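Here the structure is laid out as structure tokens; the discussion comes afterwards.
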Ligand SMILES: Nc1ncnc2c1ncn2[C@@H]1O[C@H](COP(=O)(O)OP(=O)(O)O)[C@@H](O)[C@H]1O
Ligand SMILES: [Mg+2]
């Protein structure tokens with residue numbers, strides 16, 4: 001395969017806004033798109049090859065993809081010795097230089113659940129681990145004398161690790177999605193460094209929308225720092241802000257949400273997605289089984305509605321990557 005994956009980080013320093021839900025549903029929703037749309041964006045009529053990376057120590061994406069029992073087993077049986085993002089960082093920090101890492105050892109293939117009987121053949125997962133919580137500190141504390149030989153500059157390497165890791169398998173995928181923790185610490189900064197784009201999910205209440213401008217400003221600051229240390233660095237672009245948990249009246253967000261939406265639309269011209277995700281029990285029902293909502297779209301009206309919204313969000317994301325907003 002000769003693709004070069006586009007890499008997207010899903011970030012917000014608030015929890016509970018839908019980072020994990022969007023990561024899971026964008027990856028899986030891409031497997032449920034019309035062939036015509038796939039052809040337009042991926043030059044093929046078959047579903048794109050997607051890698052999802054769970055960078056949050058809460059492990060919600062790993063559990064959503066695999067189901068709790070299987071993920072617990074994965075942790076219990078010590079398979080974490082050679083799998084998952086925590087071990088990748090560990091290898092990179094303490095053992096091999098990135099070039100020596102065999103990425104296949106860390107990636108779970110063909111295990112993301114589609115329904116009770118099936119898995120998604122075209123989605124791979126790098127799972128998280130509860131101990132990933134310590135990785136930020138390890139990165140902060142780490143110094144390595146030979147780093148400058150492998151990486152640019154003397155202090156920038158702490159942000160380049162994930163990029164180096166991903167470079168080992170960037171060509172194997174069409175898209176790589178990174179579910180980030182609810183902060184902008186080292187792991188998230190590594191994700192931003194490695195990404196072409198970032199997406200900010202939000203819910204439409206006053207306090208949730210309050211932090212959006214600070215996130216954008218912080219990422220701009222990081223981009224400038226990274227660029228000042230490495231002139232080959234390509235700045236990570238804001239693909240957009242996606243609103244979640246919308247309650248519709250007459251086909252549009254209810255009044256109180258509309259007021260907040262109007263406010264963020266004027267603060268972020270052209271950056272707020274037209275499409276949005278409605279609140280509904282389709283997603284909650286599906287998540288209890290560790291499926292995406294598409295598993296229920298034929299049997300539940302609410303799931304069908306949310307599935308349709310997700311498809312619109314994905315199409316808009318793909319259009320934005322092609323068009324002026326994302327490039
Ligand atoms: N549109 C929605 N409708 C119903 N439940 C949702 C919706 N979006 C997210 N949820 C639920 O809300 C909770 C928080 O979402 P999550 O994606 O885990 O947020 P984050 O990753 O930002 O912390 C999860 O239990 C998730 O299933
Ligand atoms: Mg999450």
Counted neighbours (other Cβ, 10 Å), sorted fewest up, put 281, 196, 56 in the order 281, 196, 56
Alpha-carbon centroid distance for the pair region 245-315 / region 47-65, whole angstrom
20
Choose one answer from 116, 270, 167: the residue with the largest mean-square fluctuation in a GNM of the chain with alpha-carbon springs under 10 Å.
116
At a 10 Å Cβ-Cβ cut-off, how would you order 264, 126, fewest neighbours first?
264, 126
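Seen from all sides and averaged, what is the projected area of the convex hull of the Cα atoms in region 173-212, in nm²? Walk me through the numbers on the way to the answer.
On the way: hull surface 14.0 nm².
Mean orientational projected area (region 173-212, Cα hull): 3.5 nm².
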Percent of beta bridges antiparallel (DSSP, the chain, rounded to nearest 5):
15
Springs between alpha-carbon pairs under 10 angstrom, Gaussian network model over the chain: which of 94, 197, 173 fluctuates most?
94
Based on the Cβ-Cβ distance of residue 115 and residue 322, what FRET efficiency does E = 1/(1 + (r/R0)^6) give at R0 = 35 Å, to the nearest 0.05?
0.65
Report, to two decimal places, the Cα Rg of region 242-327 normalised by 2.2 N^0.38 Å (N = number of residues).
1.19
Mean ellipticity per residue at 222 nm, deg cm²/dmol - from DSSP H runs of n ≥ 4 across the chain, formula -39500 (n - 2.57):
-13000 deg cm²/dmol
The helix 212-229 Cα axis meets the longest alpha-carbon principal axis of the chain at an angle in degrees, between 0 and 90 and rounded to 10, of 30
Just to be sure I understand: with springs between alpha-carbon atoms less than 10 Å apart, which residue in 76, 113, 45 has the highest mean-square fluctuation in the Gaussian network model of the chain?
76
Just to verify a number: FRET efficiency for residue 134 and residue 206, C-beta to C-beta distance, R0 = 30 Å, to 0.05?
0.30
Along principal axes, Cα extents of region 115-255, largest first, whole Å
61, 43, 29
In whole Å, how far is the Cα centre of region 191-230 from that of region 158-190?
15
Ranked on Cβ counts within 10 Å of their own Cβ, fewest leading, 170, 320 go 170, 320
Length-normalised contact order of region 1-85, Cα under 8 Å, at least 6 apart, in percent, tallies to 21
Taking a spot 7 Å from the Cα of residue 94 along the direction of its beta carbon, which residues of region 123-141 have an amide N less than 15 Å from it?
131-141
Show me the three semi-axes of the equivalent ellipsoid for the chain, from the C-alpha gyration tensor (sqrt of 5 times each eigenvalue), largest first, rounded to whole Å.
30, 24, 19
Quick one: grab Rg to one decimal and Dmax as a whole number for region 198-282, Cα atoms only, in Å.
15.2, 51
Once residue 232 and residue 252 are pulled to full extension, the length gained, defined as 0.36 nm per residue separation minus their Cα-Cα distance, is 2.9 nm
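Since every read-out is calculated from the coordinates, none of them should be taken as a lab result. Quantities reported herein were computed from a predicted structural model and do not represent experimental measurements. In this analysis, Cβ positions are derived from the backbone assuming ideal geometry, glycine residues included, and neighbour counts consider all displayed protein chains.
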